[in-house]
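Note sheet for the following structure.
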Amino acid sequence: MRKFLVILDDSRECLNAMRFAAMRAANTGGGVEILSVIPPDEFNHWIGVGEVMREEARERIQVHYEVFAKWMRDRQGIDPDLVIREGQPFDEIMAQIRENPEIGVLVLGAGTDKKGPGPLVTQLTKNAGGLPIPITIVPGDLSKEKLEAIT
C-alpha cells in the first residue's frame with residue numbers, strides 16, 4: 001500500500017496538507033502516516049525538566065493527532081498512523097522516508113505569508129532532486145472545495 005507522509009506541526013498550513021493527504025489516500029486506496037518531529041533544542045534544560053517537557057510535547061502531539069485522525073476516519077475512512085521522532089525536522093523526515101518503504105509521497109503545506117512557504121518546504125525543495133519520493137506541496141490558503149476538486 002502506498003502511504004502519504006504528512007507532517008504534523010503547529011503551522012496553519014498543516015491543516016490543508018492533512019486534508020489533501022487524507023483525500024488522496026481515500027481516493028487512491030492508500031494510507032496516511034502522520035509524522036511529528038520534536039526538535040532537540042526544546043529540551044536543553046536540566047535532565048529532569050527536559051524529560052517532563054519531552055512528555056508534555058508528546059502529549060500535545062497526541063492531542064493534535066487525535067483531532068486529525070478522527071476527521072480522517074469519519075470523513076475519509078482513513079485510519080492514519082502516528083510517528084513521533086526527535087531531532088532536526090529535515091533529518092527525521094528523511095530517516096522516516098528511508099525506513100518505511102510504504103511511503104510513496106511526502107505532502108507538505110506551504111505557508112502564505114510574505115516570509116515564504118516555510119522552512120521545511122524551502123529546505124526539502126532545495127534537496128528535491130535527491131529525494132527517493134515525490135513531494136506534493138499544498139498551498140495553505142486553498143479552499144476545501146478546491147482541495148476536494150483536485151484530489
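Recomputing Rg and Dmax of the Cα atoms in Å from the coordinates shown identifies the correct label among [x] 14.8, 46; [y] 15.4, 50; [z] 15.7, 53 as [y].
If each DSSP helix of 4+ residues adds -39,500 (n - 2.57) and the sum is divided by the residues in the chain, what number results at 222 nm, nearest 500 deg cm²/dmol?
-14000 deg cm²/dmol
Mean separation of Cα pairs under 8 Å and 6+ residues apart, divided by the residue count of the chain: what relative contact order is that in percent?
On the way: 235 pairs, mean separation 50.6, N = 151.
Relative contact order here is 34 percent.
Bridgeable aspartates and glutamates around K70 (alpha carbons under 19 Å apart, same-chain partners fewer than 8 residues away excluded): D9, D10, E13, E33, E59, D79, D81, E148.
Write down the Å³ per residue value for the convex hull defined by the alpha carbon atoms of the range 45-124. Please report the intermediate quantities before stating the final value.
Values: hull volume 11.5 nm³, N = 80.
Spread over its residues, the Cα hull of the range 45-124 gives 143 Å³ apiece.
Any read-out appearing in this document is the output of simple, stated calculations on the displayed coordinates, not a laboratory observation. Worth saying up front: this structure is predicted, and the values here are computed from it rather than measured.
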